[in-house]
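**Q** Would you mind keeping the following structure in view while I ask a few things?
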Amino acid sequence: MTAFSIEHLSTLYIILLLEVGLILFRQASFARTKLRFWLAAILILGEVGYQIGIALVGKWTLRNSLPLEVSDLSALLTAIALLTRKRPLAAILYFVGIASALQALLTPDLNASFPDLRYIQFFATHGATILGCTYLIAVAGIRPTYRALWFAAAWLNAYAVLMFIVNRLLNANYMYLMHKPKLSALNLFGPWPWYLIWAELAMLIEFHLLYWISRKFAGRRRK
């Protein structure tokens, strides 16, 4: 696919409409009773289906196929949070899940186009991650605290250290810690390892922006 083509922008627009619809109709019966199960099903089937699909076509490898990217892990954890509504997990995912999925949606590292199943799976799971995290805030009423913001940042850094070790062992590039993809905002941050430092700062800015949005939303709900 071509980034920011009509195909790409149309898909992003659909996800945006679903996000706005979720917020506007958060008090509807379907949103409060059934939506979380549908979103969890999309996330689980999307991630499991991808693993099965690449295995069937003989393209599964330890170097590239493990669900270790932050957006993949966030998708599975968001499904768990939707089913259990555990507040600590949901609060952390609000930052990590939305930030990682949004980055993937805007700069997809994807060699497929619509109506390829890989294209549908990619945008469905990442879009459902954002919708699921929004559900936990807008419908389930979970409020991420400022402490949760820093806990999410600490968790993500600890996970990056673990992935660096995994990358060295497997000669892989999970989380793009070893080199940058062709299409990524990381290309704005210079060569390795400097782009990792700038990415850390960008992460904190994005987390604070998400925290500000959640506070504004909570204030309007109280009014």
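The values are calculated or read from the model by the stated rules, or taken from the named source; none is laboratory data. All values reported here derive from a predicted model rather than from experimental measurement. So basically every Cβ, Gly included, is an ideal-geometry build from the backbone, and we count neighbours across all protein chains shown. All accessible areas refer to the heavy atoms of the entire protein, side chains included, with ligands and DNA or RNA removed. Shrake-Rupley method; radii C 1.70, N 1.55, O 1.52, S 1.80 Å.
**Q** Run the Debye formula on the Cα coordinates of the chain, all scatterers equal and no solvent, and tell me log10 I(q)/I(0) at q = 0.10, 0.18 1/Å.
**A** Here log10 of I(q) over I(0) equals -0.45, -1.51.
**Q** Let me ask something additional. Could you pull out which residues in region 58-81 have an amide N less than 14 Å from a spot 7 Å beyond the Cα of N173, following the Cα-Cβ vector?
**A** Within reach of a label on N173: 63-65.
**Q** Using the Cα centre of region 6-219 as the reference point, and only Cβ charges (+1 on K/R, -1 on D/E), how large is the resulting charge dipole? Debye, rounded to the nearest 20.
**A** On the way: 17 positive and 9 negative charges, 137 e Å.
Computed charge dipole of region 6-219: roughly 660 debye.
**Q** For region 125-182, what are the per-bin percents of Cα-Cα distances with bins 5 Å wide, up to the bin holding the maximum?
**A** 4, 16, 14, 16, 20, 14, 11, 5, 1
**Q** Sticking with this one: Find the lysine pairs in the chain meeting two conditions, Cα atoms under 25 Å apart and a separation of 8 or more places or different chains, and report how many there are. It would help to have the intermediate numbers written out before the result.
**A** Numbers: K34/K86; K59/K180; K59/K182; K86/K216.
Final tally of qualifying lysine pairs is 4.
**Q** To the nearest 10 degrees, how steep is helix 117-138 against the longest Cα principal axis of the chain, on a 0 to 90 scale?
**A** 40
**Q** Just the number, please: carbon plus sulfur as a percent of the accessible area of region 6-219, 1.4 Å probe, no ligands or DNA/RNA counted. Please report the intermediate quantities before stating the final value.
**A** Details: 8390 of 11630 Å².
Carbon with sulfur: 72 percent of the solvent-accessible area.
**Q** Between N187 and I165, what is the FRET efficiency for a Förster distance of 30 Å, r being their Cβ-Cβ separation, to the nearest 0.05? Could the numbers behind the result be given before it?
**A** On the way: r = 25 Å, r/R0 = 0.83.
With R0 = 30 Å, the Cβ-Cβ based efficiency is 0.75.
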